[in-house]
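What follows is one structure encoded as structure tokens, with my remarks underneath.
The values are calculated or read from the model by the stated rules, or taken from the named source; none is laboratory data. Note that this is a predicted model, so its numbers are computed, not measured. Using ideal geometry, Cβ is built from the backbone for each residue, glycine included, and neighbour counts are taken over all protein chains shown. Side chains are part of the model used for accessible areas, which takes the heavy atoms of the whole protein and leaves out ligands, DNA and RNA. Shrake-Rupley method; radii C 1.70, N 1.55, O 1.52, S 1.80 Å.
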Amino acid sequence: MLGFSTYAALLPGLRDEWHLSNAEAGVIAGTFFAGYVATVSYWTALTDRLDGRRVYLAGSFIAAGASAGFGLFASGLVSALLFQMLLGVGIAATYMPGLRLLSDRLSGAGQSRSIATYTSFFGIGTALSLAAAGVLASSAGWRVAFIVGAIGPLIAGALVFLLLRPMHRQGPTTSRFSLATLFPLHAWREVLRNRAAAGYTAGYMAHCLELFGSRGWMVAFLAFSASLHAGGETFPWQLPAIAAVVNLLAVPASIFGNEAALRVGRRRWILLVMASSGSCGILLGFAAPWHWALVLAFLIVYSMLVMGESGTLTAGLVAAAPAELRGAAMGLYSLLGFAGGLLGPVVFGVALDAAGGAANPVAWVAAYAAIGAGCLAAPLVARLMRP
């Protein structure tokens, strides 16, 4: 994950250096998810057919090449799009296949808790990526930040491949590419006939749209808030470092949220947290002119709410999916979820431009409302769908 948030940490500076609009800057962030969405079902389906460690190792090499390539060769919109898309391809071959490697080795309550922990470590990786990018860019330049980010995937691939024992697969072992492998429509139809699995998948899409929309623009929002306090008391630390701490503080929310869901019920917990996160995002937009301590307090609460149902959604999907279709179900879940991740940064940037631009306080409220709309609508949709 070391190179995952490098672009998000450096978005304001790269936007200005390359003379990009907010929509274009958002498209670069979203293109990561285009690469992810285009290939995640293929990589995840391969874990039904061959050793998942090999899939993970391939993804690690691709992600490392993408991060290093951005640092060495990116010079504007088109080249940035290419390398961010390639990074998405690499992460697609590690995140859900890594989850499959974990879930295949555990069962019962331990599986649910471990999945929630695995999901929360995504946030730890995001935080470390933000912090590393901020420190490296300020001391050695943004290109070095991207190049150093390539080291992380290489280490991860070696750890997984060397320290996990392979598991025998019952299905075909060929890894030959085919459209049926990339888009297992029959298996997806079977998954979607399971109402619970379909509901968790739809919820994950709304969750990812808000999560990655807010994370992609977090540093830019902090920069906007700081600009409103020019000459006055403002944030005491580097903005990427603040974003890293906020992401890190949000990590336990996924684990504790899963524990709360085990007690009050998954469905009830998910709907409550989604409604709360969508509402809090709008309040955060209004908070931009306030004292930095209040802005950070709102940002931390918002980030925790956004993460509060993450592990619960994933654990629910794993529990609801038929065992023989689990790989396909996880592929579809990740495909649609990260399709929401693709839309999130773009929707945020487009809303920002449409509502008056990054210098307009109301535009930030509109942008947070836009990415939270799906979560705000979730309780209403669930009520309408109730038998």
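Considered as a group, the residues in region 103-134 that are more than 23 Å from A329 (Cβ to Cβ) and among the β-branched types (V, I, T) include one that is most open to solvent (accessible area, probe 1.4 Å), and that residue is I124. All of A378, A321, A367 fail the test of being buried (at least 21 other Cβ atoms within 10 Å of the Cβ) and within 17 Å of P184 (Cα to Cα), apart from A321.
Do we find that A359 is at pLDDT below 95 and outside any helix (DSSP H, G or I) in this structure? First the steps, then the outcome.
Numbers: at pLDDT below 95: yes; outside any helix (DSSP H, G or I): yes.
Judged against the criteria, A359 is a match.
Among the residues examined, R49 does not qualify as in a helix (DSSP H, G or I), basic (K, R), over 18 Å from G125 (Cα atoms) and in contact (Cβ under 8 Å) with a residue 40 or more places away in the chain.
Restricting attention to region 28-55, the residues that are in contact with a Leu (Cβ under 7 Å, 6 or more places away or on another chain) and open to solvent by 20 Å² or more (accessible area, probe 1.4 Å) total 4. Of the set (1) at pLDDT 95 or above; (2) assigned to a loop (DSSP other than H, G, I, E, B), all apply to F83 but (2). Assessment of region 21-29 against the conditions (assigned to a loop (DSSP other than H, G, I, E, B), more than 21 Å from N247 (Cα to Cα) and out of contact with any Phe, Trp or Tyr (no Cβ under 7 Å at 6 or more places or on another chain)) yields at least one matching residue.
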